[in-house]
Amino acid sequence: MPESFGTVVVAGGTGALGGAVSRAFLEAGATVVVTYRRKEEFEELAARSRNSPDLTGAELDSTDERAAASFVADAVGRFGSVDALVIAIGGYAGGKMLWETDLATYEQMLALNLRAAFVMSRAVLPGMVRRNRGAIVNVASRAGYGRAAGAALYAASKAGVLALFDSLAEEVKPYNINVNSVVPSIMDTPANRRAMPKADFGLWPKTEDIAKVIVFLCSPDARVIHGAAVPVYGRT
């Protein structure tokens with residue numbers, strides 16, 4: 001990884017955590033390319049980033065293999081390489097027991113929390129292998145360790161992506177590519193505050209603090225951290 005971070009793709013880079021990650025990389029001097037599903041979210045991120053010329057974005061369904069490959073090819077054509085990938089895409093469905101949950105929820109959880117990580121990683125890895133450098137960080141979840149009553153499918157999809165990244169880390173050991181996950185629990189986001197209005201928000205990790213960990217994991221200073229699942233849930 002170059003000292004300036006080079007070009008960083010933040011998949012889901014306009015969400016609560018993704019936006020914090022995108023801004024943190026901009027502050028660190030990176031060229032940041034985000035994927036989004038809603039243009040207004042990108043416009044809000046651009047405004048909060050003072051319309052930085054180092055920020056660009058593209059509307060993308062990150063579960064679509066062809067679209068993701070085209071997006072990465074375009075980024076490489078414009079900026080020369082993709083030096084780091086952060087996968088901040090995800091979704092949550094819960095509140096029902098397994099026997100009350102339908103197949104559509106199963107497919108949604110696997111698509112958002114596992115397929116997107118596979119598709120985006122697969123799109124950037126050939127270039128990283130050729131250049132013998134890069135970093136990938138996936139946002140997992142503490143629920144992936146199990147015992148998530150009422151959210152079994154969410155937990156299963158997050159367990160799957162943790163296993164995916166464990167195996168990927170082994171596969172890229174011959175190359176100078178760092179592969180890690182961060183493992184949050186409840187984060188201080190507007191959606192979580194709305195969902196749990198009586199909670200003690202002060203105990204929840206801030207998205208900006210988690211973003212700092214992700215930036216570090218993509219930096220040369222973290223070259224000895226590989227194949228890790230770094231807990232970022234503080235004392236929640």
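Coordinate-derived values only; no laboratory data. Bear in mind the structure is a predicted one, so any value in this text is a computation, not a measurement. For neighbour counting, all protein chains shown are included, and Cβ atoms are generated from backbone atoms with ideal geometry for every residue, glycine included.
Please say if segment 137-212 is rounded, prolate or oblate, where rounded means a/c under 1.5 for a ≥ b ≥ c the square roots of the C-alpha gyration tensor eigenvalues, and otherwise the choice is prolate for a/b larger than b/c and oblate otherwise? Don't skip to the end; give the middle numbers.
Values: a/c = 3.90, a/b = 1.66, b/c = 2.36.
Because a/c hits 1.5 or more and a/b fails to exceed b/c, segment 137-212 counts as oblate.
Over the chain, calculate the relative contact order: mean separation of alpha carbon pairs under 8 Å at least 6 apart, over the residue count, as a percent. Each step should come with its number before you reach the end.
Working: 439 pairs, mean separation 49.4, N = 236.
For the chain, the relative contact order is 21 percent.
Quick check: the distance between the Cα centres of segment 58-93 and segment 186-224, to the nearest angstrom?
Between the Cα centre of segment 58-93 and that of segment 186-224, the gap is 22 Å.
Cα centroid distance between segment 108-154 and segment 1-45, in Å?
Using only Cα atoms, the two centres lie 17 Å from each other.
In segment 131-215, with Lys and Arg counted as +1 and Asp and Glu as -1 at Cβ, which of these residues, Leu203, Leu168, Val139, has the Cα nearest the positive end of the dipole, that is, farthest along it?
Sorting the options by dipole projection puts first Leu203.
Pull up all non-local amide H partners of Ser181: gap of 5 or more, or a different chain, and H-to-H distance under 5 Å with H placed in the peptide plane.
Correct list: Asn138, Ala228, Ala229, Val230.
Report, ordered by chain and residue number, the lysines lying within cross-link reach of Lys206, taken as a straight Cα distance under 20 Å and ignoring same-chain residues fewer than 8 apart.
Counting by Cα, and skipping residues close in sequence, Lys206 has these lysines nearby: Lys198.
Given the DSSP H assignment, sum -39500 (n - 2.57) over each helix run of at least 4 residues in the chain and divide by its residue total; what's the result at 222 nm in deg cm²/dmol, nearest 500?
On the way: 8 runs with 98 residues, N = 236.
About -13000 deg cm²/dmol.
Please identify the helices of the chain, taking whole runs of DSSP H, that span at least 27 Å along their own axis as judged from the Cα atoms and have a mean Kyte-Doolittle score of 0.5 or higher.
Values: long enough: 152-171 (28 Å, 0.77).
Span-like helices, by this rule, are 152-171.
Contact order normalised by length for segment 1-69, with contacts defined as Cα pairs under 8 Å and 6 or more residues apart; what percent is it? Write down the numbers at each step before the final one.
Working: 99 pairs, mean separation 20.4, N = 69.
Worked out over segment 1-69, it gives 30 percent.
Does segment 1-123 come out rounded, prolate or oblate, given a ≥ b ≥ c as the square roots of the eigenvalues of its C-alpha gyration tensor, rounded meaning a/c under 1.5 and, failing that, prolate meaning a/b above b/c?
On the way: a/c = 2.34, a/b = 1.70, b/c = 1.37.
Here segment 1-123 falls in the prolate category.
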